[in-house]
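Below: the structure, in structure tokens.
The values are calculated or read from the model by the stated rules, or taken from the named source; none is laboratory data. Remember, predicted model here, so these are calculated numbers, not experimental data. Note that we place each Cβ from the backbone using ideal geometry, even for glycine, and neighbour counts take in every protein chain shown. Surface accessibility is based on the protein's heavy atoms, side chains included, excluding ligands, DNA and RNA. Shrake-Rupley method; radii C 1.70, N 1.55, O 1.52, S 1.80 Å.
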Amino acid sequence: MSTTHPAATGATPPVTAPAPPRTDPAPPEPEADLAQHGSVSLAGGGAELRFTPQNFGPADIDDATVRLHWSEPLADGQSLPASCVRADRSSLVCRTGGMVAGSLGERIDVPVRFQGAPSEVTLRIGTLWNGGARDGNPENNEHEVLVLDTGDVYHF
């Protein structure tokens, strides 16, 4: 019995597909439950906001950002903390820095002035970015606080 090589007969040799590359499963996405707690007051066209970020864990985070949105436009020429930048006419974004799981971050004090002197403002404060971790409890990420121009302190 004779066998002939496919090239000798003009036949195309069978093509075998390369084996798919081996991929290791992706590492599990870290989970970190972030929240902010603090107080805010309003008097004479300016607000005093103080808040402390908290990481309930279970993972540590290297950094996070918080969005502060006011219902009234902010005055120009704000003197903001180094960790905060203006995002638009009524909003700021502040870095919280890293936080170990189960710990509090550094307190952040944010004084702001408004255009004019509103009799009330609404502050919406919430996690904008949580260091790339998954948050299994997003219900505690945002707070909305109505603040009257009385100088009274409102807690969230």
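In terms of its alpha-carbon gyration tensor, the stretch 62-139 comes out prolate; a/c meets the 1.5 threshold, and the first ratio a/b outweighs b/c.
Considering only LEU92, SER119, VAL145, the residue lying farthest towards the positive end of the dipole of the chain is LEU92, judged by Cα position with unit charges set on Cβ. If the segment from THR23 to SER71 were pulled out straight at 0.36 nm per residue, it would be longer than the present Cα-Cα gap by 12.4 nm. Summarised as an ellipsoid, the chain has semi-axes of 57, 19, 12 Å, derived from the eigenvalues of the Cα gyration tensor scaled by 5 and square-rooted, with the largest first.
Remark: the LEU104-TRP129 segment gains 7.3 nm on full extension, using 0.36 nm per residue and subtracting the alpha carbon distance. For the stretch 34-83, the fraction of 1.4 Å probe accessible surface lying on carbon and sulfur atoms is 46 percent. In this Cβ point-charge picture (+1 for Lys and Arg, -1 for Asp and Glu), the chain has a dipole of about 500 debye about its Cα centre.
So what is the relative contact order for the stretch 80-156, in percent, with contacts set as C-alpha pairs under 8 Å and at least six apart?
Rounded, it is 23 percent for the stretch 80-156.
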